[in-house]
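The values are calculated or read from the model by the stated rules, or taken from the named source; none is laboratory data. Keep in mind that what you see is a predicted model, and the values were worked out from it rather than measured. Virtual Cβ from ideal backbone geometry, glycine too; neighbours counted across all protein chains shown.
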Amino acid sequence: MSSHSTPANEKTTLPPHKILYVETDRVSCDGGGGVLGHPKVYYDLNENGEAHCFYCCAHFIKKP
Ligand SMILES: [Zn+2]
């Protein structure tokens, strides 16, 4: 008999991060405007081709 498994990973502490796929090594983010908007900032992708916005938690991933 297999044990009854219940998905209990529903954490609602943090909103899902935006993931934005980009094609360049340098990205800009302004939060998309609205209540989540913030001053426009630029980020350089790291060696893994990723960047993270400190304002709005957007996550940038370079397309392969
Ligand atoms: Zn941002």
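If you filter region 45-64 down to residues that are part of a loop (DSSP other than H, G, I, E, B) and within 11 Å of the ligand (Cβ to nearest atom), you find that the one that is nearest to residue 18 (Cα to Cα) is 58. For residue 7, the test of being modelled with pLDDT of 90 or more, in a loop (DSSP other than H, G, I, E, B) and not charged (D, E, K, R) is failed. The C-beta contact set for region 36-50 (first residue of a type in the set (Lys, Arg), second residue in a loop (DSSP other than H, G, I, E, B), distance under 7 angstrom, 6+ apart or interchain) comprises 40/30. For residue 42, the test of being within 13 Å of the ligand (Cβ to nearest atom) and in contact with a His (Cβ under 9 Å, 6 or more places away or on another chain) is failed.
Among the residues of region 16-33, is any modelled with pLDDT of 95 or more and either farther than 27 Å from residue 64 by Cβ or of a type in the set (Lys, Arg) (or both)? The answer is yes, given that some residue of region 16-33 is modelled with pLDDT of 95 or more and either farther than 27 Å from residue 64 by Cβ or of a type in the set (Lys, Arg) (or both).
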